[in-house]
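The next block holds one structure in the form of structure tokens; read it before the comments.
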Amino acid sequence: MENSIFEKHYFSGGLPDDQLSNHAINTTLANLSERLKEEVLISDDINIIELVDKIRQLTTYTETCLENVIPQLINVATLNTANSQMTNVQNELNSYISNKNVGHLNNAVNHVDTVKAITSHP
């Protein structure tokens, strides 16, 4: 069974409840969720469907982790790093929405893999 880094972490302090609820990652997730509703992301191309689905899954996974975490067990540096990578996902998604260059979705998915590595342990 996987243990989320938000549940098991190596650090010497945690976040107060309000610092977690006010962290920028929440805004990033909300913005990413909204962008994922864009009509331009609907496609008959299986490659695009799979890439967009992977981004959706990451958003859901991260939201679930944050909803179920004990704030005092979170390392703020790790949360900041996860947010930075999620922002990269969002930026690549925004670029794809603007110009439909599938390379941006591929780049976004590379960042998805990085976020997964940050937020989970085998």
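Each reported figure results from applying straightforward, stated rules to the coordinates on display, with no laboratory input. Keep in mind it's a predicted model, so treat the numbers as computed, not measured. Neighbour counts are summed over all protein chains in view; Cβ atoms, including those assigned to glycine, are modelled from backbone coordinates with ideal geometry.
Here the 3J(HN,Hα) profile of the range 91-102, calculated from phi with Karplus coefficients 6.51, -1.76 and 1.60 at θ = phi - 60°, is 4, 5, 5, 4, 5, 4, 4, 6, 10, 6, 7, 4 Hz, Gly and Pro shown as x.
Residue by residue, the range 108-116 carries 3J(HN,Hα) couplings of 4, 5, 4, 5, 4, 4, 5, 4, 4 Hz when phi is fed to the Karplus relation 6.51 cos²θ - 1.76 cosθ + 1.60 (θ = phi - 60°); x denotes Gly or Pro.
Couplings 3J(HN,Hα) for the range 75-85, derived from phi with the Karplus relation 6.51 cos²θ - 1.76 cosθ + 1.60 (θ = phi - 60°), are 8, 4, 5, 5, 4, 4, 5, 4, 5, 4, 5 Hz, where x marks Gly and Pro. Close amide H contacts of Ser120 (hydrogens built in the peptide plane, cut-off under 5 Å, sequence separation of 5 or more or a different chain): Ile5.
Please state, rounded to one decimal and in Å, the Kirkwood hydrodynamic radius that the range 3-121 gives when every pair of distinct Cα atoms enters the mean of 1/r. List each step's numbers first, then the result.
Working: mean 1/r = 0.0683 Å⁻¹.
In the range 3-121 this quantity evaluates to 14.6 Å.
Loop-located trypsin sites (Lys or Arg not before Pro) in the range 20-122 (DSSP state other than H, G, I, E, B) with a sparse environment of at most 16 neighbouring Cβ atoms within 10 Å: Lys37, Lys100.
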